[in-house]
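First up is the structure itself, then whatever we jot down about it.
Read-outs: derived from the displayed coordinates by stated rules, not from any lab. All of these numbers come straight from a predicted model, not from anything done at the bench. In this analysis, Cβ positions are derived from the backbone assuming ideal geometry, glycine residues included, and neighbour counts consider all displayed protein chains.
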Amino acid sequence: MKKQDILKFVVLSALTIILYIPAFNWMVGNWSGRDTYYSHGFLIPFISTFIIWQKRKALSQLPLNPVNWGWFLFLGGILIHIISTLWQVNFTSAFSFMLTLVGLVLLFFGKNYLRQLLFPIAFLLFMIPLPAVAIANLSFRLKIFAAQIATFTINKLGVPAIREGSLIRTIHSQVMVEDPCSGIRSLIALIALGALMAYYSNLSRAKKTVLFISSVPIAVSTNIIRIIALSMVSEIYGEKYATGLFHDTMGILVFVFAFLGLVLVERLLE
């Protein structure tokens, strides 16, 4: 790349980053917020950068073939960002950054580079928080579903239980499945993990897709197991034992079991 082109790329990239500061601030605020579902968001840009760094040799061997129609994606992304910022629609503002990035790659490097960079760019989608309405709706559906399955399973284990909304009542105790316990946090994080594991696996494209999709039922299932464990401990030993250390430990084990589940699926697919 000529020095003049490098200068253009650096200047245009810097101006783009400055323009997107409001979107970045919104994302960071969501990542660091109390009871956030996107605490993993801080890791996503570093993971994408690491993937690109791993591809540095392959990228250095590719011929530069810039395409002018990259301006349509670049300017289209900028336009969406500006309109979204004016209307305070933060999700589409942040999402438009993906289009802008793709446009930049096409403008200065070409389609061959985009093929190599498509996954690390697409992986950045996992750092963009969903709209609050979508989160609330998904969280509600997940906690009701989890409470239904957990109640059914607890009864099958020989402990009488009934469900009232997202409240599970047993003979001597009750467990409320709140929004943080709906499993949405682990679902979002594990979908990202599933995408990463699928990308690095040596499976065929079809099996990679299966591995990625399996992250959804695995995340939901492990959270249901957590709710069942909390309910059983609360019933047998008392509600005070189902909170505090045991509650937090089970929260960590959800991710451990889910990760092991993804590894098992990968092994089976191999």
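Taking the inverse of the mean reciprocal distance over all distinct Cα pairs, the Kirkwood hydrodynamic radius of the stretch 21-90 comes to 15.2 Å. Per residue, the average separation of C-alpha pairs within less than 8 Å and at least 6 apart gives the chain a relative contact order of 15 percent. Cross-linked pairs K2/K207; K3/K57; K208/K240; K57/K207: Cα-Cα separations exceed 32 Å for K2/K207; K208/K240.
Take the Kirkwood radius over Cα pairs of the stretch 86-209, plug it into Stokes-Einstein at 37 °C and 0.692 mPa s, and you get 182 µm²/s for translational diffusion.
Measuring nothing but alpha carbons in the stretch 204-270 and taking Rh as the Kirkwood radius, the Rg to Rh ratio lands at 1.15. Taking a ≥ b ≥ c as the square roots of the eigenvalues of the Cα gyration tensor, the stretch 123-179 is classed as prolate, since a/c reaches at least 1.5 and a/b is larger than b/c. In plain terms, the chain from Q54 to I171 could stretch by 36.5 nm, reckoned as 0.36 nm per residue minus the Cα-Cα distance. If you plug the beta carbon distance of F152 and F42 into 1/(1 + (r/R0)^6) with R0 = 41 Å, you get a FRET efficiency near 0.65. From the Kirkwood radius over Cα pairs of the stretch 166-243, Stokes-Einstein at 20 °C and 1.002 mPa s returns a whole-number translational diffusion coefficient of 152 µm²/s. Here the calculated FRET efficiency for N68 and F24, from their Cβ-Cβ distance with R0 = 25 Å, stands at 0.35, rounded to the nearest 0.05. For the stretch 1-126, the equivalent ellipsoid derived from the alpha-carbon gyration tensor has semi-axes of 26, 19, 12 Å in decreasing order. Under Stokes-Einstein, with the Kirkwood radius over Cα pairs as Rh, the value for the chain at 25 °C and 0.890 mPa s is 117 µm²/s.
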